[in-house]
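The values are calculated or read from the model by the stated rules, or taken from the named source; none is laboratory data. Owing to the predicted nature of the structure, the values given are computational and were not obtained by experimental measurement. Glycine gets a Cβ as well: all are built from the backbone with ideal geometry, and neighbour counts include every protein chain shown. Quick note on the areas: whole protein, heavy atoms, side chains included, nothing else; ligands and nucleic acids left out. Shrake-Rupley method; radii C 1.70, N 1.55, O 1.52, S 1.80 Å.
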Amino acid sequence: MRIDVVTIFPAFFDVLEVSLLGKARGAGILDVRVHDLRDKTHDRHRTVDDTPYGGGAGMVMKPGPWGEVIDEIADASHADPIFVFPSPAGEVFTQATARTLADESHLVFGCGRYEGIDERVFAYAATRGRVRLVSLGDYVLNGGEVAAMAMIEAIGRLVPGVVGNPESLVEESHEDGLLEYPSYTKPASWRGYEVPDVLLSGHHGRVAAWRHEQQVERTRARRPDLITD
Ligand code: 6GU
């Protein structure tokens with residue numbers, strides 16, 4: 001999978017070199033390229049923002065540099081790219097979104113700062129690929145960088161070959177619409193806390209039934225919004 005990231009803070013993405021995603025990059029499974037939006041400016045101050053038409057607080061990202069970087073990336077694309085703009089005004093990113101995007105061959109993350117990006121950039125990007133505005137949830141970050149990192153990790157780990165044991169992707173929170181069951185490892189007794197007996201019983205059927213009960217119980221307690229029945 002090819003992933004391009006456009007940002008005025010390329011250093012945010014340095015951590016993509018470590019951990020599982022770093023390994024996947026090294027192995028050629030993920031091809032991630034980070035672009036500095038300021039490289040598409042032509043003034044001495046490398047200006048990427050300006051005051052909003054109609055007035056109001058804050059600054060808006062100018063369309064010019066975005067148009068140039070979108071053209072450069074789209075012209076070089078061997079696939080029909082999806083432009084993902086992290087935005088608190090977008091649709092909510094879920095595991096289903098991650099699964100859908102993990103099937104794509106070329107994703108472009110456009111990270112806005114300030115009060116946002118000139119709206120015409122989204123219309124123009126839609127002439128060069130598909131466009132999605134996507135939010136992590138109902139709270140506000142200073143820019144799209146941290147949100148893009150979260151999305152890249154959620155999507156990247158679903159790309160075949162990134163996570164060594166694909167079975168570990170199945171028994172996870174949100175994969176079956178329920179929260180994950182509790183996990184324990186040795187020792188069986190630790191500081192007076194015991195591992196539940198059923199897990200030591202060796203009875204696979206009872207273990208599976210107990211885990212499912214725990215999933216339902218925790219989901220009801222912590223995330224009743226996920227329960228549909
Ligand atoms: Cl995707 N961007 C920003 N700036 N803030 C957010 C967000 C995204 N998702 C939640 N808050």
Practice item. Please go through the range 61-81 and pick out each residue that is of a type outside the set (Gly, Ala, Ser) and either part of a loop (DSSP other than H, G, I, E, B) or open to solvent by 40 Å² or more (accessible area, probe 1.4 Å) (or both). Key: 62, 63, 68, 71, 72, 75, 78, 80, 81
Practice item. Identify the residue in the range 188-198 that is part of a loop (DSSP other than H, G, I, E, B) and loosely packed, with under 10 Cβ neighbours inside 10 Å and, among all such residues, is nearest to the chain's Cα centre (by Cα). Key: 191
Exercise for review: Just one of (1) within 15 Å of residue 121 (Cα to Cα); (2) among the hydrophobic types (A, V, I, L, M, F, W, C); (3) not in a strand (DSSP E or B) trips up residue 84, so point out which.
Suggested key: (3)
Exercise for review: Evaluate the following for residue 139: is it at pLDDT 95 or above and either basic (Lys, Arg) or over 25 Å from the mean Cα position of the chain (by Cα) (or both)?
Suggested key: no
Exercise for review: Look through 177, 112 and report the one residue that is within 16 Å of the ligand (Cβ to nearest atom), open to solvent by less than 60 Å² (accessible area, probe 1.4 Å), part of a loop (DSSP other than H, G, I, E, B) and touching a helix residue (DSSP H, G or I) at 6+ places or on another chain (Cβ under 7 Å).
Suggested key: 112
Point to revise | Test set (1) within 30 Å of residue 208 (Cβ to Cβ); (2) without any contact (Cβ under 8 Å) to a residue 40 or more places away in the chain - residue 142 fails condition number | key: (1)
Point to revise | Candidate set from the range 116-152 (those that are near the ligand (Cβ under 8 Å from one of its atoms) and in a loop (DSSP other than H, G, I, E, B)); member that is most open to solvent (accessible area, probe 1.4 Å) | key: 138
Point to revise | Failed item, numbered, when residue 104 is tested on (1) in contact (Cβ under 8 Å) with a residue 60 or more places away in the chain; (2) part of a loop (DSSP other than H, G, I, E, B); (3) within 15 Å of the ligand (Cβ to nearest atom) | key: (3)
Check your understanding: Here is a list of conditions, (1) near the ligand (Cβ under 10 Å from one of its atoms); (2) over 14 Å from the mean Cα position of the chain (by Cα), and residue 77 meets all of them except one; can you say which number that is?
Key -> (1)
**Study point:** Residues of the range 28-52 that turn out to be open to solvent by 70 Å² or more (accessible area, probe 1.4 Å) and over 20 Å from residue 78 (Cα atoms), as a count
**Key:** 7
